[in-house]
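Structure record follows, encoded as structure tokens.
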Amino acid sequence: MHLQDLPNASDDATFFGGHGSRPEDWGAHIPAERFSHLALGVTNLDRSEEWYRDVIGLDVVGRNLTAEPLPHSVLQMNTGQLMILVQGREIHIPGRSGVHHGFMLTPNQYRRAHDRLKELGYDIGDERQQYRAHGEYSIDIEDPDGHRYQLQTYGPEANLPMPGAGIVDCGTPDTYRVGDVRAFKDGNFFLVRHHEGFLALSRWCRHMNGTVIYQKAHWHFVCPFHDATYDRRGVDAPFMGNRAQGPLHLHPITFGPEGHIRVDTDTIIPRDGYDASQAAQPPAAELAAAR
Ligand code: FES
């Protein structure tokens, strides 16, 4: 889900590299850097060459440059990867299946593509918009033969929780026992009471902004998207394959005049791990009452 039509401006590589993983997820064990070329059947080479050049923005390298016996055109992306359009008398496009390709753009490339497509008269649409995460953008488009594409990006805002809920009043400390975990819909956070004090944990998963849930039976948080797991302090569990990219962000906690716990959900506190100073202790009187 996103709340704006276009990503915030940025020339950085996207916050997420694609579905479900980023290069750093693989560490030293990255299995292949990228594909080298993609060969695609087309029925009219001139028409398709023009489309990939003017609509998608690829550079034409030349005609019939490879060992392919059929007439073909070689185009290049700014990553160096090649797209080879091969002319055939007829090609088979597999109807309304899930077969498609995706281009991952930087936010600024996406913004330029969005404007270019509008100028060229394309309807800007995204069949799966209802499934998009905060900051995730995609445009559906078909080439002249009906090959389906998605132009995609993640704006820098994908790295931030959605602001707007402001300060949330979570009641008085004496209504929480040590070990309690309470979910708050406004502001999308959990308030957890530890021996050291309270933590307000953002529910946005550090992998790709899924929403974590609390599994009471296991005393931990888990993200249903790709199973990232965090302990009750919001720290990513140290097992191989955990997709979490660090601990859940915190929100600042203050205590109001009547001792009410107040969580500022518009502010996040990034962190690399946990230490007891992150936990907010209630004022002494409430602490004594809670014992
Ligand atoms: S979004 Fe992928 S594990 Fe949470």
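The values are calculated or read from the model by the stated rules, or taken from the named source; none is laboratory data. These numbers come from a predicted model, not from an experiment. Using ideal geometry, Cβ is built from the backbone for each residue, glycine included, and neighbour counts are taken over all protein chains shown.
Checked against (1) surrounded by fewer than 18 Cβ atoms within 10 Å (Cβ to Cβ); (2) touching a residue at least 24 places away in the same chain (Cβ under 8 Å), ALA113 passes all but a single condition, namely (1). Candidates VAL61, VAL55, VAL74: the one that is β-branched (Val, Ile, Thr) and in contact with a helix residue (DSSP H, G or I) (Cβ under 9 Å, 6 or more places away or on another chain) is VAL55.
In the range 215-243, the residue that is farthest from the ligand (Cβ to nearest atom) out of those that are within 16 Å of ALA200 (Cα to Cα) and of a type in the set (Asp, Glu) is ASP231.
Pick from the range 31-63 the residues that are assigned to a helix (DSSP H, G or I) and among the β-branched types (Val, Ile, Thr): which of them is farthest from VAL99 (Cα to Cα)? Restricting to residues being assigned to a helix (DSSP H, G or I) and among the β-branched types (Val, Ile, Thr), the top hit is VAL55. On inspection, GLY146 qualifies as assigned to a loop (DSSP other than H, G, I, E, B) and surrounded by fewer than 21 Cβ atoms within 10 Å (Cβ to Cβ). Considering only the range 199-213, state which residues are buried (at least 19 other Cβ atoms within 10 Å of the Cβ), modelled with pLDDT of 90 or more and either more than 10 Å from the ligand (Cβ to nearest atom) or small (Gly, Ala, Ser) (or both). Answer for the range 199-213, where residues must be buried (at least 19 other Cβ atoms within 10 Å of the Cβ), modelled with pLDDT of 90 or more and either more than 10 Å from the ligand (Cβ to nearest atom) or small (Gly, Ala, Ser) (or both): LEU199, ALA200, LEU201, SER202, ARG203.
Take the residues in the range 127-136 that are under 18 Å from ASN8 (Cα atoms) and part of a loop (DSSP other than H, G, I, E, B), then tell me which one is modelled with the highest pLDDT. In this case the residue turns out to be GLY135. Evaluating GLY246 against the criteria (1) farther than 16 Å from TYR274 by Cβ; (2) surrounded by fewer than 16 Cβ atoms within 10 Å (Cβ to Cβ); (3) more than 8 Å from the ligand (Cβ to nearest atom); (4) within 22 Å of the chain's Cα centre (by Cα) leaves one unmet condition, (1). Only one entry in VAL212, VAL192, VAL178, VAL235 is of a type outside the set (Gly, Ala, Ser), touching a residue at least 12 places away in the same chain (Cβ under 8 Å) and in contact with a Cys (Cβ under 7 Å, 6 or more places away or on another chain), namely VAL212. Of the residues making up the range 62-91, those that are more than 19 Å from ASP143 (Cα to Cα) and among the hydrophobic types (A, V, I, L, M, F, W, C) number 3. Taking the criterion of being over 29 Å from ASN108 (Cβ atoms), of a type in the set (Val, Ile, Thr) and in contact with a helix residue (DSSP H, G or I) (Cβ under 9 Å, 6 or more places away or on another chain), the only residue of the range 143-174 that qualifies is THR172.
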